Amino acid sequence: FKNPITPSWLFSDSTRSRFLAALWYLVRAWKAKGRPLERENGKPSFEEWTGLVGGIVTSFGMANPFAARETTSGGDEASRALKMVIAGLVGECEEDTPPVFVTDEILGRAEEMDMLELVVGFAKEPKRALGHRLKKLKGRHLVDSRGRLFEFGKREASAGAKYPVRFL
């Protein structure tokens, strides 16, 4: 590298002024574009801040730093498999009758898709293991196999857990 990044270079006044000038340029150019705000990926309690910063960044064609990350490799394969199972189930439903799933339906679909071991591992009690995994998805926005956005939720009932879906 012509100018290696070292602590002394990084904290020098000249480097600091160049970074601040670049940031100020982004803000001025964003203002000239009409101050668009990014409303789709706001974080709870930080909606205004994420809308402002997200708007500045996305107005230059960069990815929104607050959007959900989509990866195709690595990460939590079990969670990705469970989302695929749920997306397949929801994809078979019509929007006018939002479904409510029970654990057996989700386990059955996971088995059909040959993903049961990924979804629940080798748990002695698959329903319980699945229930723990589904808790993490409560209130999450997902996309079904037909490309429709939906919210996955959980409602406790006396006869067991039910997982309603609300199309967005």
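The values are calculated or read from the model by the stated rules, or taken from the named source; none is laboratory data. Owing to the predicted nature of the structure, the values given are computational and were not obtained by experimental measurement. We place every Cβ from the backbone using ideal geometry, glycine too, and count neighbours over all the protein chains shown. Only protein heavy atoms, including side chains, enter the accessible area calculation; ligands, DNA and RNA are left aside. Shrake-Rupley method; radii C 1.70, N 1.55, O 1.52, S 1.80 Å.
Taken over the range 131-156, the criterion of being hydrophobic (A, V, I, L, M, F, W, C) and either in a loop (DSSP other than H, G, I, E, B) or more than 28 Å from Asn41 (Cα to Cα) (or both) is satisfied by Leu137 alone.
Residue-by-condition table, conditions (1) touching a Gly at 6+ places or on another chain (Cβ under 9 Å); (2) more than 25 Å from Ala68 (Cβ to Cβ):
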residue	(1), (2)
Thr6	no, yes
Ala29	no, yes
Leu37	yes, no
Glu47	no, no
Leu52	no, no
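Take the residues of the range 81-108 that are of a type in the set (Val, Ile, Thr) and open to solvent by 30 Å² or more (accessible area, probe 1.4 Å): which is modelled with the lowest pLDDT? Among those that are of a type in the set (Val, Ile, Thr) and open to solvent by 30 Å² or more (accessible area, probe 1.4 Å), it is Thr97. With the structure loaded, tell me whether Arg80 is touching a residue at least 24 places away in the same chain (Cβ under 8 Å) and under 25 Å from Phe167 (Cα atoms) or whether it fails that test. Against the criterion (touching a residue at least 24 places away in the same chain (Cβ under 8 Å) and under 25 Å from Phe167 (Cα atoms)), Arg80 does not qualify.
The rows are residues; the columns are (1) among the basic types (Lys, Arg); (2) within 21 Å of the chain's Cα centre (by Cα).
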site	(1), (2)
Arg109	yes, no
Glu112	no, no
Arg140	yes, yes
Asp144	no, yes
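Within the range 24-46, the residues that satisfy the criterion of being in a helix (DSSP H, G or I) and either open to solvent by 100 Å² or more (accessible area, probe 1.4 Å) or touching a strand residue (DSSP E or B) at 6+ places or on another chain (Cβ under 6 Å) (or both) are Trp24, Tyr25, Arg28, Lys31. Give the range 109-168 a look and list any residue that's hydroxyl-bearing (Ser, Thr, Tyr) and either modelled with pLDDT under 85 or open to solvent by 30 Å² or more (accessible area, probe 1.4 Å) (or both), or say none. Of everything in the range 109-168, those that are hydroxyl-bearing (Ser, Thr, Tyr) and either modelled with pLDDT under 85 or open to solvent by 30 Å² or more (accessible area, probe 1.4 Å) (or both) turn out to be Ser145, Ser158. Taking the range 77-97 as the range and being farther than 13 Å from Leu137 by Cβ and either out of contact with any helix residue (DSSP H, G or I) (no Cβ under 9 Å at 6 or more places or on another chain) or among the aromatic types (Phe, Trp, Tyr) (or both) as the test, the residues that pass are Gly91, Glu92, Cys93, Glu94, Glu95, Asp96, Thr97.
In the range 24-43, what count of residues is obtained for those that are under 13 Å from Gly61 (Cβ atoms) and of a type outside the set (Asp, Glu)? Full working, then the answer.
Of all residues in the range 24-43, those under 13 Å from Gly61 (Cβ atoms) come to 26, 29-30, 33, 36, 38.
Then drop every residue that is not of a type outside the set (Asp, Glu), which leaves 26, 29-30, 33, 36.
Of the residues in the range 24-43, 5 are under 13 Å from Gly61 (Cβ atoms) and of a type outside the set (Asp, Glu).
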